[in-house]
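Visitor: Dropping a structure here in structure tokens format, bear with me for questions.
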Amino acid sequence: MAFTDKDPHNAGEILRVVALGIRIERRKARGKPVKALENRADRIREKAQQREDQRAKGRKK
């Protein structure tokens, strides 16, 4: 279930993306690579958007 009507993410996904964002910022501050963590956050967002798009498609019919 989406956290809000305008947001495709559920509470767990929001928490995971925020936690990844914190890890990304810490690694950036230390000068370490962050691409893998950014890709993981992007996959979470894309999966949530796809799920909500499918739900919206089902509601229109």
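Visitor: What tally of residues in region 19-33 results from selecting those that are open to solvent by 70 Å² or more (accessible area, probe 1.4 Å) and either assigned to a helix (DSSP H, G or I) or polar (S, T, N, Q) (or both)?
Guide: Going through region 19-33 one residue at a time, the tally reaches 8.
Visitor: Follow-up. I'd like the residue in region 34-61 that is of a type in the set (A, V, I, L, M, F, W, C) and in a helix (DSSP H, G or I) and, out of all such residues, is nearest to Val18 (Cα to Cα). Don't jump to the end; show me each part of the working.
Guide: Keep residues of region 34-61 that are of a type in the set (A, V, I, L, M, F, W, C), which gives 34, 36-37, 41, 44, 48, 56.
Retained after the next criterion (residues that are in a helix (DSSP H, G or I)): 36-37, 41, 44, 48, 56.
Details: Ala36: 15, Leu37: 11, Ala41: 9, Ile44: 11, Ala48: 15, Ala56: 25 Å.
Restricting to residues being of a type in the set (A, V, I, L, M, F, W, C) and in a helix (DSSP H, G or I), the top hit is Ala41.
Visitor: May I ask you to list the residues in region 7-18 that are part of a helix (DSSP H, G or I) and open to solvent by less than 60 Å² (accessible area, probe 1.4 Å)?
Guide: Going through region 7-18, the residues part of a helix (DSSP H, G or I) turn out to be 11-18.
Matches in region 7-18: Ala11, Gly12, Glu13, Ile14, Val17.
Visitor: So the check is Cβ under 7 Å with 6+ separation or different chains; which pairs have a first residue in region 3-31 that's more than 26 Å from Gln54 (Cβ to Cβ) and a second one that's modelled with pLDDT of 95 or more and in a loop (DSSP other than H, G, I, E, B)?
Guide: Ile24/Val34; Arg27/Val34; Lys28/Val34
Visitor: Return the pairs, sorted by first residue and then second, in which the second residue is in a loop (DSSP other than H, G, I, E, B), the first residue lies in region 32-47 and is without any contact (Cβ under 8 Å) to a residue 60 or more places away in the chain, the beta carbons are less than 9 Å apart, and the residues are 6+ apart or on different chains.
Guide: Listed by first residue and then by second, the contacts come to Ile44/His9; Arg45/Pro8; Arg45/His9.
The values are calculated or read from the model by the stated rules, or taken from the named source; none is laboratory data. In this text the structure is predicted, and so the values were computed from the model without any measurement. Every residue, glycine as well, gets a Cβ built from its backbone with ideal geometry; the counts of neighbours run over all protein chains shown. The accessibility values were calculated without ligands, DNA or RNA, using every heavy atom of the protein model including side chains. Shrake-Rupley method; radii C 1.70, N 1.55, O 1.52, S 1.80 Å.
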